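Following: one structure in structure tokens, then a few remarks.
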Amino acid sequence: MSEPIKVLLVDDQNLLRTGFRLVLEGDPEITVVGEAGDGSAAIDAVATFAPDVVLMDVRMPTMDGITATGHIIEAHPEVKVIILTTFDLDEYAFSGLQAGASAFLLKDVPPEELIQAVKVVASGDAVVAPRVTARLLETFVRGAEKHDQKSATETTAEEDPLLNELTEREKEVLMLVAAGKSNQEIAVELFLSISTVKTHVRGILAKLYLRDRIQAVVYAYETGLVVPSQGLDY
């Protein structure tokens, strides 16, 4: 039997940490190794407990969860961070993804979805980019355009030379990943096997030096490969 997934809980509310602990430790494949009440304490706790996954709140005293996520990912790239937020269209969640988080979840997520997210993120595959992630990115990319003279639509994919390393098929797959499609949906749309899609996704991540498919979604928006309202299907 493999070792349980080690989880660190970070939230400034004791009651929420207790609730998450009860849910997660109800699964024999997960163990909560520690807790922290702010971002600064979270950084120390990661060094102490070496968790596989960190459940990270964003609005906390001393140091917010986004800043802490950046520090944790830089110092411990093997650690996966799941951002916890109250609203799905939350600028903090967007910033968390940019900082290197592998996923974000609403705080009122059903217990079974929380457990599944932790397991999938710990596996290294990351949570499949849900359509709400694509909508989140679209909302804040569009908002950024209003404060930037150079709009995202003027940014072309060719501006990043790494994209030239992708095959045409890999670019197709990346576009569909950015649209929030699952591997199964991509396989159906491109008439490929799921294993072939997984191979393409791994190749894309390796060539673009990305951690997981959530980061691929962020990358696709930031480089202009996908622009707001392009190819999104909610």
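The values are calculated or read from the model by the stated rules, or taken from the named source; none is laboratory data. Just so it is clear, the structure is predicted and the values come from calculations on it, not from any experiment. All Cβ positions, glycine included, derive from the backbone under ideal geometry; neighbour counts span all protein chains shown. The protein model used for the area step is the full one, side chains on, heavy atoms only, and it has no ligands, DNA or RNA in it. Shrake-Rupley method; radii C 1.70, N 1.55, O 1.52, S 1.80 Å.
Please list the equivalent ellipsoid semi-axes of region 14-54, computed as the square roots of five times the alpha-carbon gyration tensor eigenvalues, in descending order and whole angstrom.
On the way: eigenvalues 68, 36, 6 Å².
The three semi-axes for region 14-54 are 18, 13, 6 Å.
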Between region 190-220 and region 5-59, the Cα center-to-center distance that results, in Å: 29 Å
Accessible solvent surface per residue of region 163-204, calculated while the other protein chains remain in place, 1.4 angstrom probe, Å²: 51 Å²
Region 41-46 - phi-based ³J(HN,Hα) in whole Hz, Karplus 6.51/-1.76/1.60, Gly and Pro as x: 5, 5, 4, 5, 5, 4
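By accessible area of protein heavy atoms, probe 1.4 Å, what ranking do Ser102, Ser95 get, highest first?
Working: Ser102 0, Ser95 40 Å².
Final ranking, largest accessible area leading: Ser95, Ser102.
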Of all accessible heavy-atom area on region 6-89, the percent that carbon and sulfur account for (1.4 Å): 55 percent
Region 1-69: C-alpha gyration tensor shape, a/c 1.5 cut-off, then a/b vs b/c: oblate
Whole-Hz couplings from phi, Karplus 6.51/-1.76/1.60, listed for region 179-190; x for Gly and Pro: 7, x, 7, 7, 4, 5, 5, 5, 4, 5, 5, 9
Loop-located GluC sites (Glu not before Pro) in region 1-78, at most 12 other Cβ atoms within 10 Å (DSSP): Glu78
3J(HN,Hα) from dihedral phi, region 70-85, Karplus parametrisation 6.51/-1.76/1.60, rounded to Hz, x for glycine, proline: x, 5, 5, 5, 5, 7, 9, x, 7, 7, 9, 10, 10, 7, 9, 9
log10 of Debye I(q)/I(0), alpha-carbon scatterers only, for region 1-119 at 0.12, 0.14, 0.22 Å⁻¹: -0.35, -0.49, -1.30
Amide hydrogen neighbours beyond the local backbone of Phe104, cut-off 5 Å, H modeled: Ile83
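Taking a 1.4 Å probe, which of Asp64, Asp11 shows the most accessible area, and what order do the others take after it? Present the calculation step by step, with values, prior to reporting the outcome.
Details: Asp64 50, Asp11 0 Å².
I get Asp64, Asp11, largest accessible area first.
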Amide H contacts of Ile5 (H built 1.01 Å from N, under 5 Å, at least 5 apart or other chain): Ile30, Thr31
